[in-house]
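Working notes for the structure below.
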Amino acid sequence: MATYKLAVIIENQSKDGDFLLHTQTPPPKFDDKEYDSYLDPDLWDLPSAELTPLDQTRVPIRAGGDIDLRLFDVDSALEKVLEQVGCGSGEKWKWDFRKYVEEASFGPGPPVNTAFVVVKMAPDGRSFPDFCMWMCFESCMKWLLDAEPGSGRIGPLVVVGYLNDLKQAPKWKMPPTLRFQEYPPGVVVAPMGSRTLKPFTTTNLVVFAPGHDAVGDLGAVECIATGEALILDPGCCSKYHKELEQVIASLPRKLIVFVTHHHHDHVDGLSVVQKFNPDAILLAHENTMRRIGKGDWSRSYTPVSGGEVISIGGRKLNVISALGHTDGHMGLYDLKTHSLIVGDHCVGQGSAVLDSKSGGNMSDYFETTYRFLDIAPSVLIPMHGRLNLWPKNMLCGYLKNRRHREASILKAIEGGAQTLFDITSRAYADVDKKLWIPASSNVKLHVEHLAQQNKLPPEFSMQKYLQSCGVWFYLQWLWAYLGPKKVAGVTMAGIAASSVLYKSL
Ligand SMILES: [Zn+2]
Ligand SMILES: [Zn+2]
């Protein structure tokens, strides 16, 4: 079941083309000097409010994806929206329906679908709160495409509901069956079904085909690869390969493919790209490429390790070293829109799991997180889940969470835990036992990190701990998860299955 939102385009009757934006409420602070010193700049977007159906039992969406607003409490939602901009107080406003946008299935929660309506307002004599501002198409696009990092930002509602319709349509088209979001302009994110880990079911395919937005402003910069379009992480499973094929067929032939890392939920569609565009240039770290099978990609590739520049239709993107999740993990930064594609370093919800079997490393992870903070992106694009509009807040949240886990792991060790299972079960006592297997990958890397920093107590035996990390961990986990009676009936096949889950992280 989807949830609904009403977004209001308040048009200025006295100045053609102007509409009202207001600043969005940032997420709560951390109450910690270090993290609170990183502040995301203001985010300006259309005012919006939750839209509730009048009768929960009736489906408010007509066949063909149209919304029937008569089935919603539009009056209350509109009143809430207008109160936000200081115009509530019982005034009656006439509204016109503009469009209905169903959100792509980013997950893990239900999609938030948005109805956009237009209200015309004469601002003369009215006073608007400080956090409201009249903007026009041109100034919004300038903020989106020419802003300095750290300056005010324009949010996705105004882009998806308004600006994208006014700008020139790109020459290529996404297949009609594939839902996607274009934000910022020129950056298309399409969640596609993949063999990924719960709670997610999709991997975001990111497509850059800037078309008319592109300007040849590269000057003398040396580029490692030049193309007219770029796709990142074609990781959909075979069920969605037809749609991926349609995307590839629609994009310009001069295509660059970038994979953030080797996990199969990021490369499962590579063979489709190779088959339908054999001229495509693949960019990946050499540690990533070592783990990608010939069945996925048999042609040559261009190695990257961070610091390289890619040109897509004249638009410049920087390859960013993003080690930590694996030892070949790379990010990509679009200098025009300040969008940072973070691969699996962050996920839309919850925290990321590092792959201890593929060179995952906690100090690299911290280093990458600080590198991302220094870049000060306007938006983070993870490969699982929604885009994040408060990058500094999210990255500091990750730092805080990792430090908190590391502290509880050290506490468990100081309290006598010697084996991987004992440490995991104590440090993750607040987490469902089901998740202790993926969590144990992070625990291993935290223990390594503690050892590097010489923080482990002298009585902790590294040898004993390392011996506890293999099958012994899975047996203890099965015992705790299923209970002693059931464990007796579980064969090694069960252990092997859980190892597969573990390896897929
Ligand atoms: Zn991954
Ligand atoms: Zn992934």
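The values are calculated or read from the model by the stated rules, or taken from the named source; none is laboratory data. All values derive from a computational prediction rather than experimental measurement. Don't worry about glycine lacking a Cβ; one is built from the backbone with ideal geometry, like all the others, and counts go over all protein chains shown.
Would you check which residues across the stretch 239-271 are among the charged types (D, E, K, R), over 18 Å from the mean Cα position of the chain (by Cα) and within 16 Å of ligand 2 (Cβ to nearest atom) and list them?
Keep residues of the stretch 239-271 that are among the charged types (D, E, K, R), which gives 239, 242-243, 245, 253-254, 265, 268.
Going one step further and asking which of them are over 18 Å from the mean Cα position of the chain (by Cα), we end up with 239, 242-243, 245, 253-254, 268.
The answer is 268, and nothing else.
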(Q) So residue 344 passes all but one of these: (1) within 15 Å of ligand 2 (Cβ to nearest atom); (2) in contact with a Phe, Trp or Tyr (Cβ under 8 Å, 6 or more places away or on another chain). Which condition number does it fail? (A) (2)
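Determine if the stretch 305-324 includes at least one residue that is within 16 Å of ligand 2 (Cβ to nearest atom) and either in a strand (DSSP E or B) or in contact with a Leu (Cβ under 7 Å, 6 or more places away or on another chain) (or both).
Quick first cut of the stretch 305-324, residues within 16 Å of ligand 2 (Cβ to nearest atom) only: 322-324.
Now narrow it down to the ones that are either in a strand (DSSP E or B) or in contact with a Leu (Cβ under 7 Å, 6 or more places away or on another chain) (or both): 324.
Yes; the residues of the stretch 305-324 include at least one that is within 16 Å of ligand 2 (Cβ to nearest atom) and either in a strand (DSSP E or B) or in contact with a Leu (Cβ under 7 Å, 6 or more places away or on another chain) (or both).
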**Q.** Failed condition for residue 278, given (1) touching a strand residue (DSSP E or B) at 6+ places or on another chain (Cβ under 8 Å); (2) over 26 Å from residue 325 (Cα atoms); (3) in a loop (DSSP other than H, G, I, E, B); (4) at pLDDT 95 or above
**A.** (1)
Q) Which condition breaks for residue 336 when tested against (1) touching a Leu at 6+ places or on another chain (Cβ under 7 Å); (2) not in a loop (DSSP other than H, G, I, E, B)? A) (2)
Q) How many of the residues making up the stretch 225-238 are of a type outside the set (A, V, I, L, M, F, W, C), over 12 Å from residue 283 (Cβ atoms) and within 23 Å of the chain's Cα centre (by Cα)? A) 3
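Can you spot a residue in the stretch 362-374 that is assigned to a loop (DSSP other than H, G, I, E, B) and either more than 14 Å from ligand 2 (Cβ to nearest atom) or not acidic (Asp, Glu) (or both)?
Our first condition is that a residue be assigned to a loop (DSSP other than H, G, I, E, B); within the stretch 362-374, this holds for none.
No; the residues of the stretch 362-374 include none that is assigned to a loop (DSSP other than H, G, I, E, B) and either more than 14 Å from ligand 2 (Cβ to nearest atom) or not acidic (Asp, Glu) (or both).
Is there a residue in the stretch 22-29 that is without any contact (Cβ under 8 Å) to a residue 12 or more places away in the chain and at positive phi? First the steps, then the outcome.
Step one: filter the stretch 22-29 for residues without any contact (Cβ under 8 Å) to a residue 12 or more places away in the chain, giving 25, 28-29.
Those still in the list that are at positive phi too: none.
No, the stretch 22-29 contains no residue that is without any contact (Cβ under 8 Å) to a residue 12 or more places away in the chain and at positive phi.
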Q) Out of the residues in the stretch 119-132 that are surrounded by fewer than 17 Cβ atoms within 10 Å (Cβ to Cβ) and touching a strand residue (DSSP E or B) at 6+ places or on another chain (Cβ under 6 Å), which is farthest from residue 338 (Cα to Cα)? A) 120
(Q) Can you say whether residue 420 is touching a Leu at 6+ places or on another chain (Cβ under 6 Å), in contact (Cβ under 8 Å) with a residue 24 or more places away in the chain and away from ligand 1 (no atom under 16 Å from the Cβ), as far as the supplied structure shows? (A) no
Q: Within the stretch 173-183, identify whether any single residue is assigned to a helix (DSSP H, G or I) and among the aromatic types (Phe, Trp, Tyr), and answer yes or no.
A: no
Q) Picking from 343, 295, which residue would you name as being within 13 Å of ligand 1 (Cβ to nearest atom) and either of a type outside the set (Phe, Trp, Tyr) or farther than 14 Å from residue 232 by Cα (or both)? A) 343
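Please enumerate the residues belonging to the stretch 443-464 that are in a loop (DSSP other than H, G, I, E, B), more than 16 Å from residue 411 (Cβ to Cβ) and within 32 Å of the chain's Cα centre (by Cα).
So the first thing to find is which residues in the stretch 443-464 are in a loop (DSSP other than H, G, I, E, B), and the list is 453-461.
Then drop every residue that is not more than 16 Å from residue 411 (Cβ to Cβ), which leaves 454, 458, 461.
Within the stretch 443-464, no residue meets the criteria.
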